[in-house]
Amino acid sequence: MSDCLFCKIVAGKIPSTKVYEDEFVYAFLDIAPQAPFHAVIIPKEHIGSADEITAQNSILIAKVFEAVAKIAKSENLEKGYRVVNNCGEDGGQTVHHIHFHLLARRNLAWPPG
Ligand code: AMP
Ligand code: ZN
């Protein structure tokens, strides 16, 4: 089995608090929340980072954003939210399975630090 933390979460080998799941996507609460609502949304299939998005797998990224809209409705985030992808060392990526942070329920500063 892959040594990837988020692949293990998808497989249920590491516990998580699920907020959404479908055939292609899994979403769970971040263990170190940066906002009152902070979910991590991932394609179930392993893609290492935004740098590895291709014409063959980009449908999975579209599925992630379909999930964002569904979660925003189910969590009543009508005041707004931010979707963040950290890519690579300078981008602050620590888990090398592409993921999108969904942050909400506070006023989010812009530009980010
Ligand atoms: P990044 O720094 O963009 O790679 O984001 C990785 C995120 O995964 C961080 O916000 C971590 O808090 C979060 N994280 C790491 N391990 C877990 C876990 N076991 N369950 C939930 N979130 C996690
Ligand atoms: Zn993975």
- prompt: Which percent, nearest 5, of DSSP beta bridges in the chain are antiparallel?
  reply: 100
Note, ³J(HN,Hα) from phi for the range 96-108, Karplus 6.51, -1.76, 1.60, rounded to Hz, x at Gly and Pro: 9, 9, 3, 8, 10, 7, 10, 10, 7, 6, 7, 6, 9
statement: Projecting the Cα atoms of THR54, VAL40, CYS4 onto the charge dipole of the chain, where Lys and Arg contribute +1 and Asp and Glu -1 at Cβ, the residue farthest towards the positive end is VAL40
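With a sphere of radius 11 Å drawn around the Cβ of PHE24, what net charge do the other residues whose Cβ falls strictly inside it have (Lys, Arg +1; Asp, Glu -1)?
Surrounding charge for PHE24 is -3.
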message: In whole Hz and in residue order, list the ³J(HN,Hα) couplings for the range 2-8 that follow from phi through the Karplus curve 6.51 cos²θ - 1.76 cosθ + 1.60, θ = phi - 60°; x for Gly and Pro.
response: 4, 8, 6, 4, 6, 4, 5
message: Within 13 Å, Cβ to Cβ, of ALA69, how many net charges do the neighbouring residues add up to if Lys/Arg are +1 and Asp/Glu are -1?
response: -1
- request: Compute the length gained on full extension between ALA50 and ARG105: take 0.36 nm times their separation in residues and subtract their Cα-Cα distance, giving the result in nm to one decimal.
  value: 17.2 nm
field: Note, ³J(HN,Hα) from phi for the range 9-23, Karplus 6.51, -1.76, 1.60, rounded to Hz, x at Gly and Pro
entry: 5, 4, 7, x, 7, 10, x, 8, 9, 5, 10, 6, 8, 9, 4
statement: Listed by chain and number, the residues whose amide H is under 5 Å from that of ILE98, excluding neighbours fewer than 5 places away on the same chain and using placed H, are ILE47, GLY48, SER49
message: So for the chain, if I pair up every lysine 8 or more residues apart or on another chain, how many of those pairs have alpha-carbons under 16 Å apart?
response: 9
message: Once you compute Rg and the Kirkwood Rh from C-alpha atoms, what is the Rg to Rh ratio for the chain?
response: 0.94
query: Taking amide hydrogens as modeled 1.01 Å from N in the peptide plane, which residues meet the under 5 Å criterion relative to VAL25, leaving out close sequence neighbours?
result: LYS44
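Readers should treat all values here as calculations from the given coordinates under stated rules, not as data from a laboratory. Computed from a predicted structure; not experimentally measured. We place every Cβ from the backbone using ideal geometry, glycine too, and count neighbours over all the protein chains shown.
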